[in-house]
Structures are given as structure tokens and as C-alpha cells.
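What follows is calculated from the coordinates using simple rules that are stated; it is not laboratory data. Everything numeric here is computed off the predicted structure, so don't read it as measured data. So basically every Cβ, Gly included, is an ideal-geometry build from the backbone, and we count neighbours across all protein chains shown.
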Amino acid sequence: MERDWQGQGAGREIIGRVADGAGRRRGSRTAAAGRARVAVHQEVRLGSAELVPDIDDADSWLLFIDGVPQSGVDLADPGYLEFEYVRRIAHIADLAFLPGEPLRVVHLGGGALTLPRYLQHTRPGSRQLVAEIDDALTTLVRAHLPLPAGHRIRVRAADARAVAESAREGSYDLVVADVFAGAVTPPHLTTAEFVAATARALRPGGVYAVNVAGDLRLSAARSSVATIRCVYKETVMVAEAGVLRGRRRGNLVIFGSDQALPEAALARAVAGDPFPARLVTGADLARLASGARIVTDAAVLTETAGLAETTGTANVTASSEASPQPTEW
């Protein structure tokens, strides 16, 4: 039995399967008798949040914001990842670092804390900082989907860029960016200056991973690749064939590092996923990004100012919602 969702509203795609085989569910678990599970609704800072029990599994929940699927959490099996793009980020964490080695990770965007739970499960002792500006959402998630005992996951209600810029240089192994406002990433999190801040936060050999919503023309993805390549010497991208060919919208994941990435192993891993994807590297990636603009803070400021003049809205471009604070532990 298989159930597929592809929700594009916030740049997420949910792919769920009940099947045999590596990386997939080994079978659904029904809820225990008398154990009622009901959906939870709450208004949060960024919209209307809903935690919905997965009917196929007694311990799984889905998070929706304004009706758009955002995260999937299996409390009994944090190693199972419902969303394909999260699975792809997990692949780089599994392959770029020694197996089981605790990592220092900063997550820009939190949602239901799916990936922090996964890394705590696969790499106990990992020290993880999550920047999730919606503190009401975090409170809802932690109340109904508690984190495991002994975790070292800290959540800060702060703007993602402020957290990235305040990180001590060379202090993280992995920086994950997964921040959306509606269907797009906030502009101040798409610039070369922001990408440079993530690079400063990483130790040598560290990896930057970013989730990008791909439109049919791939304009945002091409620009993201060009911008990331101007900072990171080694850059690769993972996407499904239909998304690359412009046949449908979907998520693309881009990885950057100052050192060589495990391309062969990563290509095998994404090709073997329930919904196979392709690893785009080298000349193919360069061709994809050819002619795409590199986004800068100055360009974003100019565009935002122009929009404000046209619509009469306020000019808000940077991380003004939260003052930078040191992210040292």
C-alpha cells in the first residue's frame, strides 16, 4: 500500500510509504485500544497550525501550517523520515561524517524538529541548535511531540540569519537551512552574504544543506545554485527527474562545502530512495546555473524598497525580528 502527497505551498513535499525494504516503513502500527489520538489545532505566529495523527501508524504525526504539510514525525522510530527532502539531507549527514559520530549542527527553521530527532537517534550526543522564530509553534510541537530523553537539542526563537551571523567561526559540522514564508524562502536568507555567514560558521569539511522550492522554470533553483557556488568550492544538487525537466514543481536540495563531498555514495543513496532522485554535479550543475544571477543583500534591498513604493508596504529586508545573540554553548 502506498500513499503519496506532494504539497508545494511551503516548498515541502511529503512522500509516505508503507512497504518493505531499506529506508521504508516495515509495516503500519495500529493504535492501542483506548488510546485516542485526535488532531490538535492552534493559531501560531506564522498561521494556523495543525498536528494530525497518521492513520497508518500509531506513533506518527503530520504538521500542517495553513493546510500545507510541513513535517512528519514518528515518535517510535525517529530514524524513519516521511519527507523526501529531509531524507536527502539525512543522507549527507550519514555519508559526509564518520558513522555514529556526534555532530554540532545548527538548523535554520525548526518545524516539528524532524531532522534534529533523527540526528539525536543516529548520532547520540550531537549538540544541535534550532532557530525557529515561531515560538508558539515550538511550544505546540514540544507539548504534543516531546523530544527524547537526554537530547541536546536547543531551540531559539530567533531569525535564522541572526543566528547564522552570530555563530562562532568554525563551530559547526552541519548547517541546515529550511525556512519558508508561504511558498518562498525569505529574501534575506537567499543572498551571497547569508551563504557566506553559513560558511563562516562551519568547520573545515563541514556541510551546508539548503531546501529550495523549485518552480517549473527552475529560476529560483538556478539562482540559488549560482549564489551558493560563489561561496562554496564544492556544490551539488539533488532533485527528481520530473522537477529538473520542468514537468512539475518540487523540492531541490543543494549541498555546499569547502572540501569534496561524497558524490558517488550520495548519488547511489538518492537513486535508491522510494522516489529516486538524481545528483547534479560538475559541468551539469555549472550549465544549470549558467546565466543565473547571484543574489546579494543590495539587490534584495533595492527590490524590497521598490515593492514598498509600489504597494505602500513597509521596507523590511533583514533579520530585524530578533537581535543577534551568541550561539556558543
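Across the stretch 92-143, the relative contact order, built from alpha-carbon pairs under 8 Å that are at least six residues apart, equals 42 percent. Computed on the stretch 35-180, with alpha-carbon pairs under 8 angstrom and 6+ residues apart, the relative contact order is 21 percent. The coefficient of translational diffusion for the stretch 83-289, derived via Stokes-Einstein from the alpha carbon Kirkwood radius under 25 °C and 0.890 mPa s, stands at 144 µm²/s. Taking a Cβ cut-off of under 10 Å around T191, the surrounding Lys, Arg, Asp and Glu residues balance to a net charge of -1, with basic ones at +1 and acidic ones at -1. Placing +1 on the Cβ of every Lys and Arg and -1 on the Cβ of every Asp and Glu, with no other charges, gives the stretch 83-289 a dipole of roughly 220 debye about its Cα centre.
By count of other Cβ within 10 Å, fewest leading, how are F275, F83, F194, F97 ordered? Provide the component values of the computation, followed by the final result.
Working: F275 15, F83 26, F194 29, F97 18.
The most exposed by this proxy come first: F275, F97, F83, F194.
Comparing V212, G246, L285 along the charge dipole axis of the stretch 201-295, the residue lying farthest to the positive side is G246, per the Cβ-charge model. For V295, the residues whose amide H sits under 5 Å from its own are A192, T227, ignoring neighbours fewer than 5 places away on the same chain, with H placed 1.01 Å from N.
Filter the trypsin sites (Lys or Arg not before Pro) in the stretch 262-294 down to the DSSP loop ones having no more than 12 other Cβ atoms within 10 Å, then list what survives. Numbers along the way, then the final one.
On the way: sites: R268, R278, R287, R293; in loops: R293.
When the trypsin sites (Lys or Arg not before Pro) of the stretch 262-294 are filtered for loop state and at most 12 Cβ neighbours within 10 Å, R293 remain.
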